[in-house]
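Engineer: The structure's right below; bear with me while I get my questions together.
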Amino acid sequence: MAAVEPLAPAERGAVLAELRTRCLEGRASGALRPAGLATGFASLDAVLPGGGWPRGAVTELLGERAGIGELSLLLPALIALARAGRTLACVAPPHLPYAPALQQAGLPLERLLWLPLDPSREALWAAEQLLRCPAVGAVLLWPAVIDERQVRRLQLAAETGGGSAWLYRPAQAAEAPSPAALRLRLHACADGLRIEILKSRGRHAHALVVHPVAAA
């Protein structure tokens, strides 16, 4: 077998540049990402990488207050996951769910885990373990306090299990960096729920979408 001649520095630089370009093109086109989980809202799917909620990743929902449609925004995706046999987990929620309304919307309640844990370290630990389980399709978490390192642990757990994680945080958390794959700021408005993309793995950062249905 003939010996392989090492590349000259200039040639090596050109090869590395070409590889870097192809990797960036692959990320931009979504070739390296799985298809997103449809949100149920065409206008939102159109501006999300992969055409929906990211799978195997953390999405942060940054709201000015609770009760502005932040749960109904996820309902179509949660229903789809539950009907596919995946388990859904709500960890440290601030309010009890109204089960008849969820059932009437089409959510199979037997697929829903409602875990009223202490919204501090106990809730973070539980969410991380749930995300590592492939049978769990979605974890919704309302932490009292969470830092960048803890978000990264949740992101790694989601990558391991392949499910989707939604992390509810106050609006002021947008000022701090986060390793979450997607960050959305939610704001109640006259037309419903205004959604601003603060961070995404794509080209649509700062896109604005309004969903009257999500705020219903």
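The values are calculated or read from the model by the stated rules, or taken from the named source; none is laboratory data. All of these numbers come straight from a predicted model, not from anything done at the bench. Here Cβ is always computed from backbone atoms with ideal geometry, including for glycine, and neighbour counts include all displayed protein chains.
Engineer: Within segment 159-172, can you find the residues that are closer than 10 Å to Gly63 by Cα and either touching a helix residue (DSSP H, G or I) at 6+ places or on another chain (Cβ under 6 Å) or surrounded by fewer than 20 Cβ atoms within 10 Å (Cβ to Cβ) (or both)?
Structural biologist: Here is the first cut: in segment 159-172, the residues closer than 10 Å to Gly63 by Cα are 168-172.
Listed by number, the residues that qualify are Pro170, Ala171, Gln172.
Engineer: Surrounded by fewer than 20 Cβ atoms within 10 Å (Cβ to Cβ) and aromatic (Phe, Trp, Tyr) - does that describe any residue in segment 107-116?
Structural biologist: yes
Engineer: Okay, next question. Select from segment 32-71 the residues that are surrounded by fewer than 19 Cβ atoms within 10 Å (Cβ to Cβ) and among the polar types (S, T, N, Q) and list them in ascending order.
Structural biologist: Within segment 32-71, Ser43 is the sole residue that qualifies.
Engineer: Just to check your reading of the model, which residue among Arg121, Arg152, Arg183 is in contact (Cβ under 8 Å) with a residue 12 or more places away in the chain, among the charged types (D, E, K, R) and surrounded by fewer than 16 Cβ atoms within 10 Å (Cβ to Cβ)? Before you say what the answer is, go through the steps one by one.
Structural biologist: Working: Arg121 fails: in contact (Cβ under 8 Å) with a residue 12 or more places away in the chain; Arg183 fails: surrounded by fewer than 16 Cβ atoms within 10 Å (Cβ to Cβ).
After ruling out the rest, the residue left standing is Arg152.
Engineer: Quick one: how many residues across segment 124-145 are in a loop (DSSP other than H, G, I, E, B), over 16 Å from the mean Cα position of the chain (by Cα) and crowded, with 16+ Cβ neighbours inside 10 Å?
Structural biologist: Selection size over segment 124-145: 1.
Engineer: What number of residues within segment 74-99 are buried (at least 22 other Cβ atoms within 10 Å of the Cβ) and at pLDDT below 90?
Structural biologist: Of the residues in that region, 0 qualify.
Engineer: Sticking with this structure for a sec: Can you tell which of Leu102, Leu48, Leu107, Leu74 is closer than 23 Å to Glu128 by Cα and either of a type outside the set (Asp, Glu) or out of contact with any strand residue (DSSP E or B) (no Cβ under 8 Å at 6 or more places or on another chain) (or both)?
Structural biologist: Values: Leu102 fails: closer than 23 Å to Glu128 by Cα; Leu48 fails: closer than 23 Å to Glu128 by Cα; Leu107 fails: closer than 23 Å to Glu128 by Cα.
That would be Leu74, the only listed residue that is closer than 23 Å to Glu128 by Cα and either of a type outside the set (Asp, Glu) or out of contact with any strand residue (DSSP E or B) (no Cβ under 8 Å at 6 or more places or on another chain) (or both).
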